[in-house]
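The values are calculated or read from the model by the stated rules, or taken from the named source; none is laboratory data. Because the structure is a prediction, the values reported are computed rather than measured. Cβ coordinates were reconstructed from backbone atoms using ideal geometry, including for glycine residues, and neighbour counts include every protein chain displayed.
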Amino acid sequence: MRGRGVEWEVIIAGKRFPQYSSTVTLIKPREGVNLLFDLGSPYDNNLLLRVLQRHNLGPDDITHVLCSHWHIDHLGGIMLFPKAEIISSKETLKTQKELCAAVVEAEKKKNPVQELTRLLMEHILADSPFTGGNLRKFHAMANITIRNAIYLKEFIRKYEDDKIFVVDQSETTLFGSLKIFKVGYHTEGDLIATFTDSKGKEVFVVGDVVTGIGDSEDEQVWMYRLRGRIGKRRF
């Protein structure tokens, strides 16, 4: 990780079914900035703290968390870092606010999961191209959201405390060395981080990526931009 360029390391590898969990990447774009790209699932909290300790980092040393998108398996460690500023797209923030309000409403009902499933299908994600109107997918999403609502509510509390930096542009540069691209390949407003590492190679770090989008002009532009870069993501 050391040398000229951005220091970085994948500190937790992502997991597939049955316990979905994002990859967690530690990025140091400049002195004094310790950024985590995604936070894993809520079940990874103890592991995340142990791994950071091996890097001589405690919870208060994490200055920023970049949330690639709004799914809970990328947000699980948000309670661990009270001093960290969240970096999020405006689309992710919008969905989280709507989802949090829906959870509060659903928790008043006898069957919160059923109520949240209805709200997801009829309102929040009704027009989303990423769910395909699949009832089982909506129900699974509602179930995991209700069980882990504390993490979603912490995200909104960060927003209310003015500790979220909202990415509004398609391309944003932070800390002088970290480029953030906003795309829409998995959910609306996904964020990708790119930088040059100590070996002079251009690296991109992403959350979940859906392939097979088709030969759209947008895809061709992104395949050109990402060709030849080192990628770290959870499949």
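Might you let me know whether the range 139-146 holds any residue that is surrounded by fewer than 19 Cβ atoms within 10 Å (Cβ to Cβ) and either in a strand (DSSP E or B) or touching a Lys or Arg at 6+ places or on another chain (Cβ under 9 Å) (or both)? Within the range 139-146, not a single residue is surrounded by fewer than 19 Cβ atoms within 10 Å (Cβ to Cβ) and either in a strand (DSSP E or B) or touching a Lys or Arg at 6+ places or on another chain (Cβ under 9 Å) (or both). Screening Ser88 with (1) touching a helix residue (DSSP H, G or I) at 6+ places or on another chain (Cβ under 6 Å); (2) outside any helix (DSSP H, G or I); (3) buried (at least 21 other Cβ atoms within 10 Å of the Cβ) gives one miss only, at (1). Residue count for the range 170-183, restricted to those that are in a loop (DSSP other than H, G, I, E, B) and either out of contact with any strand residue (DSSP E or B) (no Cβ under 7 Å at 6 or more places or on another chain) or free of Cβ contacts under 8 Å to residues at least 12 places away in the same chain (or both): 2.
In this structure, Phe165 qualifies as more than 23 Å from Val103 (Cα to Cα) and of a type in the set (A, V, I, L, M, F, W, C). Can you spot a residue in the range 161-168 that is surrounded by 17 or more Cβ atoms within 10 Å (Cβ to Cβ) and in contact with a His (Cβ under 6 Å, 6 or more places away or on another chain)? Checked the range 161-168: no residue is surrounded by 17 or more Cβ atoms within 10 Å (Cβ to Cβ) and in contact with a His (Cβ under 6 Å, 6 or more places away or on another chain). Selection of the range 26-42 for residues being under 24 Å from Ser198 (Cβ atoms), more than 11 Å from the chain's Cα centre (by Cα) and in contact (Cβ under 8 Å) with a residue 12 or more places away in the chain yields Leu26, Ile27, Lys28, Pro29, Arg30, Gly32, Val33, Asn34, Leu35. Could you please let me know if Arg50 is within 24 Å of Val206 (Cβ to Cβ), out of contact with any strand residue (DSSP E or B) (no Cβ under 7 Å at 6 or more places or on another chain) and of a type outside the set (Gly, Ala, Ser)? Considered against the rule, which asks whether it is within 24 Å of Val206 (Cβ to Cβ), out of contact with any strand residue (DSSP E or B) (no Cβ under 7 Å at 6 or more places or on another chain) and of a type outside the set (Gly, Ala, Ser), Arg50 comes out as no. Tell me, please, whether a residue that is surrounded by 21 or more Cβ atoms within 10 Å (Cβ to Cβ), in the same structural domain as His74 (by TED's automatic domain parsing) and on the phi > 0 side of the Ramachandran plot can be found in the range 180-187. Among the residues of the range 180-187, not one is surrounded by 21 or more Cβ atoms within 10 Å (Cβ to Cβ), in the same structural domain as His74 (by TED's automatic domain parsing) and on the phi > 0 side of the Ramachandran plot, which makes the answer no. Just a yes or no: is a residue in the range 44-64 under 20 Å from Leu174 (Cβ atoms), modelled with pLDDT of 95 or more and outside any loop (DSSP other than H, G, I, E, B)? Yes, there is a match, as at least one residue in the range 44-64 is under 20 Å from Leu174 (Cβ atoms), modelled with pLDDT of 95 or more and outside any loop (DSSP other than H, G, I, E, B).
None of Phe155, Phe195 is touching a Ser or Thr at 6+ places or on another chain (Cβ under 9 Å), buried (at least 17 other Cβ atoms within 10 Å of the Cβ) and assigned to a strand (DSSP E or B) except Phe195. Looking at this structure, is Gln114 in a helix (DSSP H, G or I) and in contact with a Phe, Trp or Tyr (Cβ under 8 Å, 6 or more places away or on another chain)? Answer is no for this residue.
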